[in-house]
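Take a look at the structure set out below.
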Amino acid sequence: MSAALVSSSVSCARVLIVSKDPELRQRVRSQLRHSATAIFEARGGAEALEQLEQEPYDLLVLDPALPDVHPADVAALARRLHPRLQIATVQDLQSEHAPPVMAGPEDSPIGVGTAGETVASAFGPTAPDFTEVTEPATEPLPGMIGRCAAMQEIYRLARLVAPRDTTVLITGETGTGKELVARAIHQLSQRAAGPFVVVNCAAIPETLLEAELFGHVRGAFTGAVQSRLGRIHAAHGGTLFLDEAGELPLAMQAKLLRFLQCGEVQRLGSPDVFRVDVRVIAATNADLAELVARRQFRADLYWRLAVFPLPLPPLRDRREDIVPLAETFLERLCSEAGLPPKRLSAGARALLQRYSWPGNVRELQHAIERAFILAENRREITADLFRLHGNMASV
């Protein structure tokens, strides 16, 4: 594009050039130096959105290869901040035949929608919107947040199975909230007044696991100076949550299978058998079916645990929930610290939307906490406060 073309479209313009490539920014700056009164630069989408929140601009020039936020998201959010903002791609400036800028609402009878469609076609599919959405058809489980279709299905299934004593197997990646779902099922069940006992199968040494689960009598093994009931017995009348069930040793799997079949517990070193009334919910981030195929997990136990499977989606598959989750964590931190509410900037929200979140909801919670601490007395959490080490999403 020639300088004359730009000048004819934008007069006395404040221009923001967004690219991670300093040489490319310099070339665009040189090309626009005669048609713009002030030219500013940003190295990425989040930085650009921060600048757009602080100052008005007339023209936004976007590089399609941004390092953090998808250019289409930058364009959509920028247009919301400044409805009359004109948006151009770097390719527009390099082509004599391309339109000089993406038309603003006053240039088109269709208005913002036309520019939005142009942005989408130039940069690919856009990320989920930040606009208001309808309330979920199914009420979230106690202690949980999320309105995407996958989570609504989890809520529906969990509420269906909660009143029963059916054994539930919750699967999903680390940090997806498996224990939260288990606790919610317990709270919605007829056992809510009873105990909710957690056993992390990966955290207890194999030599102690049987005693922890089933209990022991005095002298049953070295160090057993007094008798004690096991975790299964402690869950009588309530729910036993077996976390990381895929880590159960094969020998313990056989003993647990008998308990699931008969509802009986026999303590180590004792001939006495106790009948217990316990509902079992298991969780794992492992593929138990694959472990069965590799003979590392008993098939009969797998079918006993997987009576009612609940697969939790990773956070990268429920992107519309990322910002509401982040805002909830931020609100909670402010309340606990006795501080006035803080808000996420548009750049921060866009950055959180684009990140892949390999650690899922737990990683998001920790990222918000760190940014909250770094913000000190600032009322706004900006993108520069986040240190996200994984990959940016490619959706």
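Read the figures in this text as sums done on the coordinates, not as results from a lab. The model shown is predicted, which means the values in this text are computed figures rather than measured ones. Here Cβ is always computed from backbone atoms with ideal geometry, including for glycine, and neighbour counts include all displayed protein chains.
For region 287-395, applying the loop criterion from DSSP together with a ceiling of 14 other beta carbons within 10 Å to the GluC sites (Glu not before Pro) yields Glu376.
Dipole size of region 149-311 about its Cα centre, with +1 on Lys/Arg Cβ and -1 on Asp/Glu Cβ: approximately 400 debye, rounded to the nearest 20.
In this simple spin-label model, placing a label point 7 Å from the Cα along the Cα-to-Cβ direction at both Thr37 and Ala192 gives a separation of 6.4 nm. Please name which of Leu339, His366, Ile322 has its Cα lying farthest along the dipole of region 316-385 towards the positive end, using unit charges on Cβ (Lys, Arg +1; Asp, Glu -1) and the Cα centre as origin. Of Leu339, His366, Ile322, it is Ile322.
In region 149-311, the C-alpha radius of gyration followed by the widest Cα-Cα span (Dmax) gives 15.7, 54 angstrom.
For the pair Ser227 and Asn377, the difference between a 0.36 nm per residue extended length and the Cα-Cα distance amounts to 48.6 nm.
Within the straight-line cut-off of under 20 Å between alpha carbons, the aspartates and glutamates reachable from Lys255 are Glu206, Glu210, Glu212, Asp243, Glu244, Glu247, Glu264, Asp272, Asp277, Asp300, sequence neighbours fewer than 8 places apart in one chain being disregarded. Each of Arg275 and Lys20 was given a label point 7 Å from its Cα along the Cα-to-Cβ line. The distance between the two points is 6.5 nm. Summarising the label geometry, the points placed 7 Å from Cα in the beta-carbon direction at Ala251 and Arg387 lie 4.4 nm from one another.
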